[in-house]
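Everything below concerns the one structure shown next.
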Amino acid sequence: MFVFLFFFCLVLFTWPLLSVVQDSDAEAVFYYLYLSWGLVILLLFLSRKSTDIKASTETDPDKQEVNDV
């Protein structure tokens, strides 16, 4: 997950996409940078939450769900 997020951020903040937005007005660049920055923070938060939940259920057998069939 973190490798995907790294490459996603690499593509999001490098030359090809920034040059497309830079041709627009300053307001569009502002919105692009802050919205993409917020998206990256949200994805980092969600990926960290999922790894915390996964790690806590792997170490504590009492927290694991029991599937009754």
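The values are calculated or read from the model by the stated rules, or taken from the named source; none is laboratory data. What you see is a predicted model, and the numbers here were worked out from it, not measured in a lab. Because the Cβ atoms are built from the backbone with ideal geometry, glycine has one as well, and the counts that use them run over all protein chains shown. These accessible areas exclude ligands, DNA and RNA; they are computed on the full protein's heavy atoms, side chains included. Shrake-Rupley method; radii C 1.70, N 1.55, O 1.52, S 1.80 Å.
Annotation note: Cβ proximity below 9 Å between a residue of region 5-25 that is at pLDDT 90 or above and a residue that is open to solvent by 50 Å² or more (accessible area, probe 1.4 Å) and of a type in the set (D, E, K, R) (sequence gap 6+ or interchain) occurs for no pair. Residues that are of a type in the set (Phe, Trp, Tyr) and surrounded by 10 or more Cβ atoms within 10 Å (Cβ to Cβ) within region 8-31 comprise 8, 13, 30, 31, listed in sequence order.
Go through region 1-51 and report how many residues are among the aromatic types (Phe, Trp, Tyr) and outside any helix (DSSP H, G or I).
Within region 1-51, the subset among the aromatic types (Phe, Trp, Tyr) is 2, 4, 6-8, 13, 15, 30-32, 34, 37, 45.
Narrowing the set further to residues that are outside any helix (DSSP H, G or I) leaves 13.
Number satisfying all stated conditions: 1.
Each residue in region 32-45 was checked for being of a type in the set (Phe, Trp, Tyr) and surrounded by 12 or more Cβ atoms within 10 Å (Cβ to Cβ), and 2 of them qualify.
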